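*Asks:* The structure that follows is given in the form of structure tokens.
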Amino acid sequence: MALAGMRDALSLPAWVVGLGLIGVGSLARDVGYPVEVAVLSTMLVWAGPSQVIFFASIATGAAWSAIAIAIGFASLRFLPMTVAILPLLKRPGQSVWMELLLAHYVAVTAWTEGLRRLPAVPPPQRVAYFLGFANTCMATSSIGTFLGYYLIGALPIPFAAGLMCLTPIFFLASLSAGLRHRGDVAAILLGLALAPVCDRFIGGGFDLIVAGLIAGTIAFALRPKKAAP
């Protein structure tokens with residue numbers, strides 16, 4: 001089943017996230033860090049935006065404590081994502097260490113595709129499938145980071161910036177493919193509509209949080225009600 005996860009990842013998702021991490025490799029070289037650190041950041045941090053914060057903050061001379069706090073806040077979005085997907089991966093007798101390992105692989109692509117694909121996988125085989133899928137994405141991303149480190153002078157800036165946008169575009173497309181009811185539709189449409197409004201009137205890094213909170217609350221109210229037993 002791990003091979004099935006690898007095959008599904010290579011069908012498109014792994015390439016999208018791998019291309020998106022090319023910009024991280026370029027940024028790491030820009031601030032003077034070796035390629036090994038750039039690739040290691042992909043394997044350990046496993047979050048493009050947090051890696052950008054890390055290397056960009058180093059470039060500005062920020063304190064390590066401030067960098068850690070900034071990355072921590074940027075990664076808070078993974079908490080609800082992890083809570084949502086781990087029940088699909090939890091098995092009887094599963095150790096805490098295995099759950100922590102699985103949580104490490106929760107990122108935008110693995111999460112959206114996992115929620116969409118895992119329900120169709122037999123429960124005993126879901127962990128193997130998820131690890132095959134996520135490790136393939138991580139390996140491709142590590143290669144993308146490595147290539148980006150050496151392509152810094154060859155890539156036009158608009159093209160490099162466009163590569164960084166591939167992951168959120170794929171994220172939106174994957175979420176749209178997994179729509180199941182009107183609450184899901186409302187969450188996406190309201191989020192897209194409220195994001196620029198909140199950016200205009202709130203900003204300061206809290207705009208997406210507020211937009212997501214409002215859109216998610218309304219979508220939750222619109223979810224289908226379960227019939228009483």
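Yes or no, residue by residue, for (1) closer than 22 Å to residue 168 by Cα; (2) in contact with a helix residue (DSSP H, G or I) (Cβ under 7 Å, 6 or more places away or on another chain); (3) in contact (Cβ under 8 Å) with a residue 24 or more places away in the chain:
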position: 110; (1), (2), (3): yes, yes, yes
position: 113; (1), (2), (3): yes, yes, yes
position: 123; (1), (2), (3): no, no, yes
position: 126; (1), (2), (3): no, yes, yes
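*Asks:* Given the condition without any contact (Cβ under 8 Å) to a residue 40 or more places away in the chain, closer than 23 Å to residue 17 by Cα, within 14 Å of the chain's Cα centre (by Cα) and not in a loop (DSSP other than H, G, I, E, B), answer yes or no: does some residue in segment 87-100 qualify?
*Replies:* Checked segment 87-100: no residue is without any contact (Cβ under 8 Å) to a residue 40 or more places away in the chain, closer than 23 Å to residue 17 by Cα, within 14 Å of the chain's Cα centre (by Cα) and not in a loop (DSSP other than H, G, I, E, B).
*Asks:* Let me spell it out: the conditions are (1) at pLDDT below 80; (2) not in a helix (DSSP H, G or I), and residue 33 meets all of them except one. Which number is the exception?
*Replies:* Here residue 33 meets the rest and fails (1).
*Asks:* Which condition from (1) in contact (Cβ under 8 Å) with a residue 40 or more places away in the chain; (2) surrounded by 17 or more Cβ atoms within 10 Å (Cβ to Cβ); (3) assigned to a helix (DSSP H, G or I); (4) touching a Ser or Thr at 6+ places or on another chain (Cβ under 9 Å) is the one that residue 46 breaks?
*Replies:* (3)
*Asks:* Shifting gears a bit: Could you check segment 105-196 for helices (runs of 4 or more DSSP H) lying wholly inside it with 2 or more residues that are buried (at least 19 other Cβ atoms within 10 Å of the Cβ) and at pLDDT below 75?
*Replies:* Working: elements: 108-117, 126-150, 157-164, 166-177.
Here the list reads 157-164, 166-177.
The values are calculated or read from the model by the stated rules, or taken from the named source; none is laboratory data. These numbers come from a predicted model, not from an experiment. All Cβ positions, even for glycine, are placed from backbone atoms using ideal geometry, and neighbour counts span all protein chains on display.
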